[in-house]
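Since the structure comes first, as structure tokens, the remarks are kept for the end.
The values are calculated or read from the model by the stated rules, or taken from the named source; none is laboratory data. This structure is a prediction, so every number in the text was calculated from the model and none was measured. Because the Cβ atoms are built from the backbone with ideal geometry, glycine has one as well, and the counts that use them run over all protein chains shown.
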Amino acid sequence: MADGPRLRANLDDIPTYVPGRRVAAPGATQRMYKLSSNENPFPPLPSVLQTITDASTWINRYPDMFATELVSAIAERFDVPANHVAVGTGSVGVCQQIVQSTAGPGDEVIYAWRSFEAYPILVQVSGATSVQVPLTSTEKHDLDAMLAAITDRTRLILVCTPNNPTGPAIRRQRLERFLDAVPPEILVVVDEAYVEFVRDPEVADGLELYRDRPNVCVLRTFSKAYGLAGLRVGYAVAHEPVAEALRKCAVPFGVSVIAQSAAIASLAAEDELLKRVADIVAERVRVRDALREQGWPVPPTEANFVWFRLSERTDAFAAACESAGVIVRPFSGEGVRASIGEPDANDVLVQVAADFAPA
Ligand SMILES: *Cc1c(COP(=O)(O)O)cnc(C)c1O
């Protein structure tokens with residue numbers, strides 16, 4: 001028996017979150033593009049940087065624990081009551097608060113698989129059991145199978161739309177039918193980390209669907225479209241008492257004064273930021289069209305990334321990308337997710353895909 005502190009046994013086989021590989025150290029000869037974390041390739045806006053500089057003079061003080069100003073800015077922007085908004089350290093932080101608020105040992109959490117890799121980690125840390133429902137052959141959520149997976153131990157269902165890492169988003173009618181079939185005592189999270197990149201008008205808008213559904217919680221983030229991934233700020237919109245439970249489970253003072261101020265400034269600069277999102281969407285369309293022309297069955301993506309189902313060729317493709325100067329995110333044995341980045345980076349990706357040739 002090893003000495004030392006006794007740790008919870010269910011931590012032993014937690015999958016490790018694999019962060020997108022970082023670009024090579026300065027001094028490397030080849031320019032490397034990071035297309036592995038679905039980050040926004042644009043640098044921060046000058047107005048947001050100025051706000052960050054100004055806020056930094058306050059860092060000897062604790063931030064506003066309730067992020068009052070940010071919460072009202074979000075509430076006003078999306079026309080929801082302020083007490084329906086809960087912020088956290090990125091939407092992953094908020095998602096952890098959601099799992100903590102709903103599920104523990106003996107409880108089940110249903111989500112599609114493959115989906116966002118944080119889900120199995122958060123569920124296992126909580127002590128609850130993951131119920132993973134395979135995606136359809138077209139890389140979409142199998143909502144009927146997810147309904148069929150509900151048991152009397154189900155406490156939470158995570159729905160990721162658009163789905164990371166495959167790209168498809170769920171249309172309104174399908175999501176409504178699904179939500180109407182879920183028992184009202186089970187919380188459904190609609191994780192919309194990429195909602196600003198959606199262009200299909202038929203795709204569900206979580207904020208529309210949550211309004212008359214007390215068991216729906218919408219999760220959004222400033223990390224992707226708003227370009228604040230490094231500052232860690234995201235939020236949930238849900239009815240009381242769900243939003244209140246999330247606030248109870250938050251790490252006190254988790255969202256820094258810099259993150260709060262930058263998020264407020266980003267909402268104020270939304271028009272400018274959404275123009276950049278439109279540029280990324282245009283690149284997404286260009287890249288996917290080029291790949292489909294090459295014969296790749298890239299699923300329709302409503303997010304800022306494309307998915308290559310490569311099976312046993314996954315690692316080889318990722319290595320080929322890296323030799324050509326782009327770092328992508330391989331899921332060994334399954335496929336590669338490549339973020340849409342700078343046009344030059346996207347060109348490299350398309351060229352590698354052409355040389356690699358679809359199966
Ligand atoms: C990137 C991402 C998030 C956002 O993470 P943050 O913690 O807000 O940076 C949430 N959900 C999904 C599905 C994501 O891909």
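Output yes when any residue across segment 174-191 is within 16 Å of the ligand (Cβ to nearest atom), within 22 Å of GLU39 (Cα to Cα), in contact (Cβ under 8 Å) with a residue 12 or more places away in the chain and touching a strand residue (DSSP E or B) at 6+ places or on another chain (Cβ under 6 Å), and no when none is.
For segment 174-191, residues within 16 Å of the ligand (Cβ to nearest atom), within 22 Å of GLU39 (Cα to Cα), in contact (Cβ under 8 Å) with a residue 12 or more places away in the chain and touching a strand residue (DSSP E or B) at 6+ places or on another chain (Cβ under 6 Å): present.
Is it fair to say LEU246 is more than 20 Å from VAL23 (Cβ to Cβ) and part of a helix (DSSP H, G or I)? Before the answer, list the steps.
Working: more than 20 Å from VAL23 (Cβ to Cβ): yes; part of a helix (DSSP H, G or I): yes.
Taking the combined requirement at face value, the residue satisfies it.
What are the residues in segment 67-119 that are among the aromatic types (Phe, Trp, Tyr) and closer than 20 Å to PRO241 by Cα, if any?
Answer for segment 67-119, where residues must be among the aromatic types (Phe, Trp, Tyr) and closer than 20 Å to PRO241 by Cα: just PHE78.
Taking into account only those residues within segment 296-333 that are within 16 Å of the ligand (Cβ to nearest atom) and charged (D, E, K, R), which is surrounded by the fewest Cβ atoms within 10 Å (Cβ to Cβ)?
That would be GLU302.
Which of the residues that make up segment 126-148 are away from the ligand (no atom under 15 Å from the Cβ), among the hydrophobic types (A, V, I, L, M, F, W, C) and either crowded, with 22+ Cβ neighbours inside 10 Å or under 28 Å from PRO330 (Cβ atoms) (or both)?
Result: ALA128, VAL131, VAL133, LEU143, ALA145, MET146.
Mind listing whichever residues of segment 192-205 are free of Cβ contacts under 8 Å to residues at least 24 places away in the same chain and crowded, with 23+ Cβ neighbours inside 10 Å?
None - no residue of segment 192-205 is free of Cβ contacts under 8 Å to residues at least 24 places away in the same chain and crowded, with 23+ Cβ neighbours inside 10 Å, so the list stays empty.
Can you name every residue in segment 232-268 that is surrounded by fewer than 17 Cβ atoms within 10 Å (Cβ to Cβ) and away from the ligand (no atom under 16 Å from the Cβ)?
If the condition is that a residue be surrounded by fewer than 17 Cβ atoms within 10 Å (Cβ to Cβ) and away from the ligand (no atom under 16 Å from the Cβ), then GLU240, PRO241, GLU244, LYS248, PRO252, PHE253, ALA268 are the ones that fit.
Against the definition (in contact (Cβ under 8 Å) with a residue 12 or more places away in the chain and on the phi > 0 side of the Ramachandran plot), how does ARG276 come out, yes or no?
Judged against the criteria, ARG276 is not a match.
Which residues, counting only those in segment 307-359, are touching a strand residue (DSSP E or B) at 6+ places or on another chain (Cβ under 7 Å), free of Cβ contacts under 8 Å to residues at least 40 places away in the same chain and polar (S, T, N, Q)?
Hit for segment 307-359 is THR314, nothing else.
Would you mind stating whether VAL190 is farther than 26 Å from ARG309 by Cα and modelled with pLDDT of 95 or more?
no
Within the bounds of segment 217-229, is there any residue that is more than 20 Å from ILE74 (Cβ to Cβ), within 16 Å of the ligand (Cβ to nearest atom) and of a type in the set (Val, Ile, Thr)?
no
Can you name the residue in segment 94-113 that is under 24 Å from THR221 (Cα atoms) and surrounded by fewer than 20 Cβ atoms within 10 Å (Cβ to Cβ) and is also farthest from the chain's Cα centre (by Cα) among such residues?
GLN100
Test PRO165 against the stated conditions and say whether it is within 21 Å of the chain's Cα centre (by Cα), closer than 24 Å to TYR17 by Cβ and free of Cβ contacts under 8 Å to residues at least 24 places away in the same chain.
For PRO165, the condition - within 21 Å of the chain's Cα centre (by Cα), closer than 24 Å to TYR17 by Cβ and free of Cβ contacts under 8 Å to residues at least 24 places away in the same chain - is not met.
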